[in-house]
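To keep things clear, I will list the structure first and then write my remarks on it.
The values are calculated or read from the model by the stated rules, or taken from the named source; none is laboratory data. Quick caveat: nothing in here was measured; it's all calculated off a predicted structure. For neighbour counting, all protein chains shown are included, and Cβ atoms are generated from backbone atoms with ideal geometry for every residue, glycine included.
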Amino acid sequence: METLIVHPKNKEQLSALKAFIKALKIDFTTEKSTYNPEFVEKVLRGVNARKAGKHGHKIDVDTMWK
């Protein structure tokens with residue numbers, strides 16, 4: 001058999017997926033994400049922006065810690 005990993009984008013999708021899987025009597029396990037979803041969203045927005053060719057902010061390393 002195969003293992004499927006799904007990434008619901010919100011709580012509604014998660015609830016619908018769980019209900020569907022339970023209705024089919026399929027065994028499943030859940031794992032909690034260790035990261036704050038808002039933080040993950042910000043990081044992914046930045047990654048996608050870079051892939052789209054947008055430049056990020058440059059930070060001068062020498063003055064960053066002052």
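Within the range 29-51, is even one residue surrounded by 11 or more Cβ atoms within 10 Å (Cβ to Cβ), modelled with pLDDT of 90 or more, part of a loop (DSSP other than H, G, I, E, B) and not small (Gly, Ala, Ser)?
no
Report, ordered by the first and then the second residue, all pairs with beta carbons closer than 6 Å, sequence separation of six or more or different chains, a first member in the range 15-29 that is at negative phi, and a second member that is modelled with pLDDT of 95 or more.
Filtered contacts from the range 15-29: Phe28/Ile21.
Checking Asp62 against (1) within 16 Å of the chain's Cα centre (by Cα); (2) outside any loop (DSSP other than H, G, I, E, B), which single condition isn't satisfied?
(1)
Within the range 1-16, restricting attention to residues that are over 13 Å from the mean Cα position of the chain (by Cα) and assigned to a loop (DSSP other than H, G, I, E, B), which residue is farthest from Glu31 (Cα to Cα)?
Per the criteria, the residue is Met1.
Which pairs do you get when a residue that is aliphatic (A, V, I, L, M), found in the range 31-54, comes within reach of a residue that is assigned to a loop (DSSP other than H, G, I, E, B), reach meaning Cβ atoms under 9 angstrom, with the pair 6+ apart or on two chains?
Cβ pairs passing all conditions: Val40/Ser33; Val43/Tyr35; Ala49/His55; Ala49/Gly56.
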